[in-house]
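What follows is one structure encoded as structure tokens, with my remarks underneath.
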Amino acid sequence: MKSLILRIAARNLLPLFLIISVVVLLRGHSAPGGGFIGGLLAAAGFILYAIGFDVKAARQKLNFNAVNLIGAGLLLSLLSGLLSIYRGAPFSTIEFFTLKIASNVSYAISTPLFFDIGVFLVVVGVLLTVVFSLMEEQ
Amino acid sequence: MITKITTPVEVAAIISLLLIFMALVLTFIRMILGPSLPDKIVALDLIAMLVVGIIISYVALSKQIVYLNAIVLLALIAFLGTVAFARYLEKRIL
């Protein structure tokens with residue numbers, strides 16, 4: 001589609017989609033949200049970009065092979081579950097850490113966060129693989 | 001959740017909810033009757049925006065801030081849906 005309005009909209013809406021997807025992903029620990037819906041939003045941004053420009057430009061914008069994202073997400077989810085075995089607890093037991101940034105700033109991090117990031121990557125990879133290959137077929 | 005209607009904001013929210021519901025019914029009729037496909041697509045887009053209005057009015061009534069996040073997502077996805085339908089109209093293939 002050769003529409004200038006849609007191109008400008010897609011180019012400016014893609015960062016908004018990505019920021020909101022990360023917000024939803026990080027909020028998912030204790031509020032509505034999570035990796036799945038965040039991944040859907042990020043994929044929706046790239047699909048909008050592919051509709052506005054074309055699939056090739058969207059693939060360039062993604063910068064990764066979409067299939068590789070699936071593998072990376074599955075690996076991250078598996079590693080987050082294996083960490084508790086290393087600590088002597090059953091598989092996928094939740095472990096908590098404290099990440100100290102400065103002397104008075106620290107963040108509480110848990111393994112479900114990494115599991116959710118893995119789900120996020122898998123959802124983005126699966127959706128973009130399917131949609132891009134469907135859009136390229138014509 | 002909704003206990004008692006006292007403040008002017010809540011009265012305004014109730015009135016706007018009634019009006020939006022009437023508009024929703026009319027838009028739904030247009031979506032079913034719609035002589036051509038573009039009419040139906042515009043009606044679908046309008047329904048999504050009316051749902052956004054309903055959620056905003058409900059937030060004003062119930063003070064549940066969580067629903068404001070749903071509005072952002074719904075508005076973004078509704079735009080994507082309309083764009084995809086427009087592409088389908090032009091190319092007859094998704």
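The values are calculated or read from the model by the stated rules, or taken from the named source; none is laboratory data. Predicted model, so just to flag it, every value in this text is computed and none were measured. Glycine gets a Cβ as well: all are built from the backbone with ideal geometry, and neighbour counts include every protein chain shown. Quick note on the areas: whole protein, heavy atoms, side chains included, nothing else; ligands and nucleic acids left out. Shrake-Rupley method; radii C 1.70, N 1.55, O 1.52, S 1.80 Å.
A few points about this structure:
- For the range B:80-94, the set of residues classified as more than 8 Å from every other protein chain (Cβ to nearest Cβ) and open to solvent by 80 Å² or more (accessible area, probe 1.4 Å) consists of B:85, B:92, listed by residue number.
- Those residues of the range B:30-41 which are open to solvent by 70 Å² or more (accessible area, probe 1.4 Å), without any contact (Cβ under 8 Å) to a residue 12 or more places away in the chain and either within 30 Å of residue B:68 (Cβ to Cβ) or touching a helix residue (DSSP H, G or I) at 6+ places or on another chain (Cβ under 7 Å) (or both), in sequence order: B:40
- Looking across the range A:87-104, the residues that are over 30 Å from residue A:126 (Cα atoms), open to solvent by 60 Å² or more (accessible area, probe 1.4 Å) and without any contact (Cβ under 8 Å) to a residue 12 or more places away in the chain come down to A:87, A:88, A:98, A:99, A:100, A:101, A:103, A:104.
- Taken over the range A:15-55, the residue count meeting the criterion of being surrounded by fewer than 22 Cβ atoms within 10 Å (Cβ to Cβ) and more than 11 Å from every other protein chain (Cβ to nearest Cβ) is 12.
- Qualifying residue in the range A:75-90 (condition: within 13 Å of chain B (Cβ to nearest Cβ), in a loop (DSSP other than H, G, I, E, B) and more than 30 Å from residue B:82 (Cα to Cα)): no
- The lone criterion from (1) β-branched (Val, Ile, Thr); (2) open to solvent by less than 70 Å² (accessible area, probe 1.4 Å); (3) within 14 Å of another protein chain (Cβ to nearest Cβ); (4) more than 26 Å from residue A:43 (Cβ to Cβ) left unmet by residue B:72 is number (4).
- Against the test of being closer than 24 Å to residue A:19 by Cα and open to solvent by 40 Å² or more (accessible area, probe 1.4 Å), the options B:14, B:77 yield a single qualifying residue, B:77.
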